[in-house]
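Read the structure below first, then the notes.
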Amino acid sequence: MGARIVVFGYGNPSRGDDALGPMLLERAEAWLAGQPGLSVEPVADFQLQIEHAMDLQERDLALFLDADVACPAPFALRRAVPDQDASFTTHELSPGAVLQVFRDVMGQDPPPAYVLSVRGERFELGEALGPAAARHLDAAWTFLQQLLLDGRPEAWEEWVG
């Protein structure tokens, strides 16, 4: 059996390119229906919450999908580490803060975790996904399939930039 992976897709579909995380997760969910050998749990939300730490239980890997105006185009993969950052005290958490909550509550290290950031540029309320973001989404989708098919932390680590 392959790695047990949880994939979080988050962002606000009503804010243009902020929909990239949920859109990427939707593609993955449809694709996963035809991949019975993969153990991937998709989790969609507008933003990360403390409760998402519980989704990390009994997982070998975690992946966070999000739009990012600061990442290089079309996307970037980075390692996420537990971190009690400024988001820790707000209603919306960073991936590092979710990992820290898991560590604090469960008394153990979270699974290896990564953030796949997709370059976005337009985040205004009511905007549609921009043409550049649509191209970035397609590139990230091809890459995401590779990650999920080779669900080994050491393989994912090779892609970290």
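The values are calculated or read from the model by the stated rules, or taken from the named source; none is laboratory data. Quick caveat: nothing in here was measured; it's all calculated off a predicted structure. Methodologically, a virtual Cβ is constructed for each residue, glycine included, from the backbone with ideal geometry; neighbour enumeration extends over all protein chains shown.
Among the residues of the stretch 9-27, those identified as surrounded by 20 or more Cβ atoms within 10 Å (Cβ to Cβ) and in contact (Cβ under 8 Å) with a residue 60 or more places away in the chain are Gly16, Asp17, Asp18, Ala19, Leu20, Gly21, Met23, Leu24.
Listed here are the residues, each with its yes/no results for (1) among the hydroxyl-bearing types (Ser, Thr, Tyr); (2) over 20 Å from Leu32 (Cβ atoms); (3) in contact (Cβ under 8 Å) with a residue 24 or more places away in the chain.
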{"position": "Asp55", "(1), (2), (3)": "no, no, yes"}
{"position": "Leu61", "(1), (2), (3)": "no, no, yes"}
{"position": "Asp66", "(1), (2), (3)": "no, no, yes"}
{"position": "Asp83", "(1), (2), (3)": "no, yes, no"}
{"position": "Ala97", "(1), (2), (3)": "no, yes, yes"}
{"position": "Val105", "(1), (2), (3)": "no, yes, yes"}
{"position": "Asp109", "(1), (2), (3)": "no, yes, yes"}
{"position": "Thr142", "(1), (2), (3)": "yes, no, no"}
{"position": "Gly161", "(1), (2), (3)": "no, yes, yes"}
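For the stretch 23-64, a residue qualifies if it is part of a helix (DSSP H, G or I), in contact with a Leu (Cβ under 8 Å, 6 or more places away or on another chain) and over 15 Å from Leu149 (Cβ atoms), and the qualifying residues are Met23, Leu24, Leu25, Ile50, His52, Ala53, Leu56.
On the given criteria, is Ala128 farther than 20 Å from Ala80 by Cβ, at pLDDT 95 or above and of a type outside the set (Ser, Thr, Tyr)? Answer is no for this residue.
Say whether the condition of being out of contact with any Gly (no Cβ under 6 Å at 6 or more places or on another chain), in a strand (DSSP E or B) and either closer than 25 Å to Arg152 by Cα or of a type in the set (D, E, K, R) (or both) is met by at least one residue in the stretch 99-108. No, that holds for no residue.
Within the stretch 32-53, being more than 16 Å from the chain's Cα centre (by Cα) and not polar (S, T, N, Q) holds for Ala33, Gly34, Pro36, Gly37, Leu38. For the stretch 1-22, the set of residues classified as in a strand (DSSP E or B) and of a type in the set (Lys, Arg) consists of Arg4 only.
Please verify whether Arg79 is modelled with pLDDT of 95 or more and not hydrophobic (A, V, I, L, M, F, W, C), treating the condition exactly as stated. Talk me through it step by step, then tell me what you get.
Details: modelled with pLDDT of 95 or more: yes; not hydrophobic (A, V, I, L, M, F, W, C): yes.
Spelling it out, Arg79 is indeed modelled with pLDDT of 95 or more and not hydrophobic (A, V, I, L, M, F, W, C).
For Arg103, state whether it is of a type in the set (Lys, Arg) and in contact with a helix residue (DSSP H, G or I) (Cβ under 9 Å, 6 or more places away or on another chain). Yes.
Can you tell me which residue among Leu116, Leu137 is touching a residue at least 60 places away in the same chain (Cβ under 8 Å) and in a helix (DSSP H, G or I)? Reasoning before the result, please.
On the way: Leu116 fails: in a helix (DSSP H, G or I).
Checking each option against the conditions leaves just Leu137.
Being in contact (Cβ under 8 Å) with a residue 40 or more places away in the chain, in a loop (DSSP other than H, G, I, E, B), in contact with a helix residue (DSSP H, G or I) (Cβ under 8 Å, 6 or more places away or on another chain) and closer than 30 Å to Ser14 by Cβ: is that true of Ala73 here? Judged against the criteria, Ala73 is a match.
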